[in-house]
Amino acid sequence: MTFSINLLSDLQEMLSYAFMQHAFEAGTIVAIIAGITGYFVVLRRSAFTAHAFSEIGFAGAAGAVLLGIPPIAGLLLGSSIGGFAIAALGRRAANRDTQIGIVLAFALGLGLLFISLYSGYATQAYSILFGQILGISNDQVLLTLAAGVAILASVGVIYRPLLFASLDEDVAEAKGLPMLFLGTVFMLLVAVAVSFSIQVTGVLLIFSLIVTPAATAQYLARRPQRAMIVSVAIALGATWSGLFVAYYTPFPVSFFITAFVFGLYLLVRLARLGIKPAKAPIANL
Amino acid sequence: MNITAIRVPEAVVESSLIAAENLTAGYQEKIVWRDANFAIGRGELVAVIGPNGAGKTTLFRLLLGLQRPITGTIRVFGEQPKRGNPRIGYVPQRHAIDSETNIEAQELVRLGLSGKRWGFNPFSHEDHDAAHAALGAVDGSELAHRPLGVLSGGELQRIFLAEALVSNPDLLLLDEPLSNLDMKRESDLLHLVNGVVHARGVTALLIAHNINPLLPHLDKVIYIANGKVATGKPEQVLTSDSLTALYGVQVEVMRDSKGNVAIIGVEEHLRR
């Protein structure tokens with residue numbers, strides 16, 4: 001496990017371990033779905049809602065651990081229930097920060113109870129909260145792949161109506177788009193994307209893949225499709241380099257992912273401040 | 001003279017673009033206004049005015065099919081309004097765009113045409129050409145690649161107008177397009193709307209607070225106040241008698257040498 005100047009041989013050595021292979025595979029799929037759904041999360045100003053899903057998912061995952069079933073089942077169940085509830089209350093409900101905050105505090109508390117009931121064993125809780133990408137099994141990779149394909153296919157189908165509904169809600173409604181349906185599908189997509197992203201970043205660092213790459217991409221590209229591609233590229237770059245660097249250091253992968261996306265965001269904001277007087281885009285993507 | 005009591009002749013109703021008969025609007029428990037009778041023809045520019053909360057947007061919601069009449073009938077293009085009518089272009093008052101929205105203006109205009117399409121179809125030359133033409137019609141070609149978040153109020157209204165025009169509608173519904181515009185931009189936008197109405201033969205209903213900048217362009221006025229609706233030519237509706245009948249209190253309509261109207265006696269109704 002020593003770092004050499006030849007990055008290719010480093011990578012080859014790294015990927016000879018099954019756990020690193022799985023980490024790269026799952027990390028790649030998660031970065032793609034997080035980058036894409038994250039674009040809509042940022043566009044619809046639903047970041048706090050996405051975080052709430054993550055924490056309701058935590059309660060579900062902790063409950064699953066207690067019952068001896070896979071945490072991902074609890075994550076999906078918890079966050080999807082949250083998704084349905086918020087979608088049923090309507091778009092404006094997604095902006096009710098206070099109520100969502102109250103529910104997510106309770107969800108975290110519930111998760112804590114489940115964890116302490118589980119004979120006080122803390123490792124599981126720690127990995128759900130902060131990510132466990134190095135412990136992903138082959139089956140989990142396949143499940144992540146299936147979820148990734150489902151999310152991409154769904155976004156492909158609802159892409160334009162969802163973009164329209166996100167950008168100009170009243171006109172989209174008048175044009176006859178099914179707003180409740182779109183809102184519900186979107187919330188479920190976010191719930192699933194969040195659940196699988198938690199494998200990589202954990203519950204508490206979920207924004208590093210769902211929000212930061214998309215928020216950065218928004219500044220770099222003015223067309224939605226291009227912004228999504230940039231968002232995915234940032235999430236991918238951060239995940240891969242996070243895994244790479246963490247392999248040679250004793251520090252956790254999710255820290256490096258968070259640090260990379262944050263550093264890039266900062267850089268982009270600062271660069272924009274510098275060129276603001278000219279009102280020019282950083283890159284005319 | 002009580003304009004609300006005038007019945008619209010059958011023949012006029014048949015040939016008109018919008019026709020309301022004994023129309024009462026509101027929500028489950030609350031009636032907003034009642035017994036409206038009016039007909040709007042093709043190519044007319046109509047101002048919808050009245051105090052806040054009088055039910056101007058409610059009229060738009062009825063025309064868009066987002067809300068059903070409580071009693072009476074309303075017909076648009078001779079049919080009961082249905083949500084998703086492609087012949088109507090709509091510019092609402094509320095938009096989700098803020099200074100952080102870093103999306104090119106032309107993307108929004110394009111969605112006016114392609115936003116209803118399911119499936120991933122990234123490039124369409126027809127959409128591009130139609131958006132280009134719509135932007136041209138609102139003098140907005142130079143705004144095409146600017147981010148929505150940096151546009152001024154007047155520029156945004158032009159983009160919204162282009163978004164509404166891109167699908168070639170026969171009826172335009174503009175909800176308070178002049179709010180937040182200074183007098184110069186207000187007059188520019190009105191000339192633009194007026195030009196579009198005449199060049200394309202579309203009918204436009206425009207909700208506004210101040211009738212005066214509109215007066216030179218108007219064919220009709222729909223005045224909503226006090227739970228009632230008065231409709232007619234501006235010189236018919238904007239009279240002391242007709243507004244006194246509408247408000248139910250003594251109202252005086254004054255005109256200055258330029259033809260500007262001041263309505264005295266209902267200031268508290270009109271104040272924002």
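The values are calculated or read from the model by the stated rules, or taken from the named source; none is laboratory data. Model, not experiment: these values are computed from the prediction. No Cβ is skipped: glycine too gets one built from the backbone with ideal geometry, and neighbour counts run over all protein chains shown.
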Worksheet item: Which residues, taken from segment B:86-104, are within 14 Å of the chain's Cα centre (by Cα) and free of Cβ contacts under 8 Å to residues at least 12 places away in the same chain?
Response: B:Arg94
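Please report, ordered by residue number, the helices (runs of 4 or more DSSP H) entirely within segment A:1-101 with at least 3 residues that are over 15 Å from A:Leu188 (Cα atoms). Walk me through it before giving the result.
Values: elements: A:7-15, A:18-43, A:47-67, A:71-88.
The qualifying helices (runs of 4 or more DSSP H) are A:7-15, A:18-43, A:47-67.
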Item to complete: List the number of the failed condition for B:Arg94; all other conditions in (1) in contact with a Gly (Cβ under 8 Å, 6 or more places away or on another chain); (2) of a type outside the set (Val, Ile, Thr); (3) under 20 Å from A:Gly176 (Cβ atoms); (4) surrounded by fewer than 20 Cβ atoms within 10 Å (Cβ to Cβ) hold.
Response: (1)
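Which of the residues spanning segment B:157-181 are part of a loop (DSSP other than H, G, I, E, B) and either closer than 22 Å to B:Lys56 by Cβ or in contact (Cβ under 8 Å) with a residue 40 or more places away in the chain (or both)? Explain how you work it out, then say what you get.
The first filter runs over segment B:157-181 and keeps only residues part of a loop (DSSP other than H, G, I, E, B), leaving B:166-170, B:176-181.
Of everything in segment B:157-181, those that are part of a loop (DSSP other than H, G, I, E, B) and either closer than 22 Å to B:Lys56 by Cβ or in contact (Cβ under 8 Å) with a residue 40 or more places away in the chain (or both) turn out to be B:Val166, B:Ser167, B:Pro169, B:Asp170, B:Glu176, B:Pro177, B:Leu178, B:Ser179, B:Asn180, B:Leu181.
Please determine, by comparing only the residues of segment B:96-105 that are at pLDDT 90 or above and in a loop (DSSP other than H, G, I, E, B), which one is farthest from the other protein chains (Cβ to nearest Cβ).
Residues of segment B:96-105 that are at pLDDT 90 or above, as a first pass: B:101-105.
From what is left, the residues that are in a loop (DSSP other than H, G, I, E, B) are B:101-103.
Values: B:Thr101: 8, B:Asn102: 5, B:Ile103: 6 Å.
Per the stated criteria, the residue is B:Thr101.
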Worksheet item: Which condition number does A:Thr184 fail, the rest of (1) assigned to a helix (DSSP H, G or I); (2) within 11 Å of chain B (Cβ to nearest Cβ); (3) not aliphatic (A, V, I, L, M) being met?
Response: (2)
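Is it true that A:Arg223 is within 21 Å of A:Arg160 (Cα to Cα) and either in contact with a strand residue (DSSP E or B) (Cβ under 7 Å, 6 or more places away or on another chain) or at pLDDT below 95 (or both)?
Working: within 21 Å of A:Arg160 (Cα to Cα): yes; either in contact with a strand residue (DSSP E or B) (Cβ under 7 Å, 6 or more places away or on another chain) or at pLDDT below 95 (or both): yes.
Taking the combined requirement at face value, the residue satisfies it.
For segment A:190-256, which fully contained helices (runs of 4 or more DSSP H) count at least 2 residues that are within 14 Å of chain B (Cβ to nearest Cβ)? Reasoning before the result, please.
Numbers: elements: A:207-210, A:212-220, A:224-248.
Here the list reads A:212-220, A:224-248.
When you look at A:Leu162, is it in contact (Cβ under 8 Å) with a residue 12 or more places away in the chain and closer than 30 Å to A:Lys175 by Cβ, yes or no?
Details: in contact (Cβ under 8 Å) with a residue 12 or more places away in the chain: yes; closer than 30 Å to A:Lys175 by Cβ: yes.
The answer is yes for A:Leu162.
Within segment A:141-159, count every residue that is in contact (Cβ under 8 Å) with a residue 24 or more places away in the chain and under 18 Å from A:Ile210 (Cα atoms). If you could, list the steps in order and put the result at the bottom.
First pass over segment A:141-159, keeping only residues in contact (Cβ under 8 Å) with a residue 24 or more places away in the chain: A:141, A:143-145, A:147-148, A:150-152, A:154-155, A:158.
From the residues that got through so far, the ones that are under 18 Å from A:Ile210 (Cα atoms) too are A:144-145, A:147-148, A:150-152, A:154-155.
So the count comes out to 9.
For the structure I just gave you, tell me whether A:Leu112 is in contact (Cβ under 8 Å) with a residue 12 or more places away in the chain, farther than 30 Å from B:Gly115 by Cβ and more than 14 Å from chain B (Cβ to nearest Cβ). Quick ask: steps written out before the conclusion?
On the way: in contact (Cβ under 8 Å) with a residue 12 or more places away in the chain: yes; farther than 30 Å from B:Gly115 by Cβ: yes; more than 14 Å from chain B (Cβ to nearest Cβ): yes.
It is true that A:Leu112 is in contact (Cβ under 8 Å) with a residue 12 or more places away in the chain, farther than 30 Å from B:Gly115 by Cβ and more than 14 Å from chain B (Cβ to nearest Cβ).
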Discussion item. Give me the residue from segment B:65-91 that is away from chain A (no Cβ under 11 Å) and on the phi > 0 side of the Ramachandran plot and, out of that set, surrounded by the fewest Cβ atoms within 10 Å (Cβ to Cβ).
Written reply: B:Gly78
Response to the item:
Given (1) acidic (Asp, Glu); (2) under 29 Å from B:Asp127 (Cβ atoms); (3) free of Cβ contacts under 8 Å to residues at least 24 places away in the same chain, A:Glu169 misses just (3)
Worksheet item: When residues of segment A:159-172 are filtered for being at the interface with chain B (Cβ under 7 Å from one of its Cβ atoms), out of contact with any strand residue (DSSP E or B) (no Cβ under 7 Å at 6 or more places or on another chain) and part of a helix (DSSP H, G or I), how many remain?
Response: 9
Worksheet, complete the sentence: Within segment B:76-92, the residues that are among the small types (Gly, Ala, Ser) and assigned to a loop (DSSP other than H, G, I, E, B) are B:Gly78, B:Gly84
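Residue-by-condition table, conditions (1) touching a residue at least 40 places away in the same chain (Cβ under 8 Å); (2) polar (S, T, N, Q):
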site	(1), (2)
B:Ala204	yes, no
B:Ala208	yes, no
B:Leu214	yes, no
B:Leu218	yes, no
B:Val221	yes, no
B:Ile224	yes, no
B:Gly227	yes, no
B:Lys233	no, no
B:Gln236	yes, yes
Practice prompt. Using the structure shown, decide if B:Pro169 is in contact with a strand residue (DSSP E or B) (Cβ under 6 Å, 6 or more places away or on another chain) and either farther than 21 Å from B:Glu21 by Cα or modelled with pLDDT under 95 (or both).
Written response: yes
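For (1) in a strand (DSSP E or B); (2) under 25 Å from B:Asn194 (Cβ atoms); (3) within 12 Å of chain A (Cβ to nearest Cβ), each residue gets a yes or a no:
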residue	(1), (2), (3)
B:Leu59	no, yes, no
B:Arg94	no, yes, yes
B:Glu107	no, no, yes
B:Leu111	no, no, yes
B:Asn121	no, no, yes
B:Asp127	no, no, yes
B:His132	no, yes, no
B:Glu142	no, yes, no
B:Gly154	no, yes, no
Item to complete: Out of the residues in segment A:112-156 that are crowded, with 17+ Cβ neighbours inside 10 Å and part of a loop (DSSP other than H, G, I, E, B), state the one that is farthest from the chain's Cα centre (by Cα).
Response: A:Tyr118
Fill in: Single residue of A:Gly83, A:Gly78, A:Gly74, A:Gly68 found to be over 22 Å from the mean Cα position of the chain (by Cα), within 30 Å of A:Phe24 (Cβ to Cβ) and at pLDDT 80 or above
A:Gly68
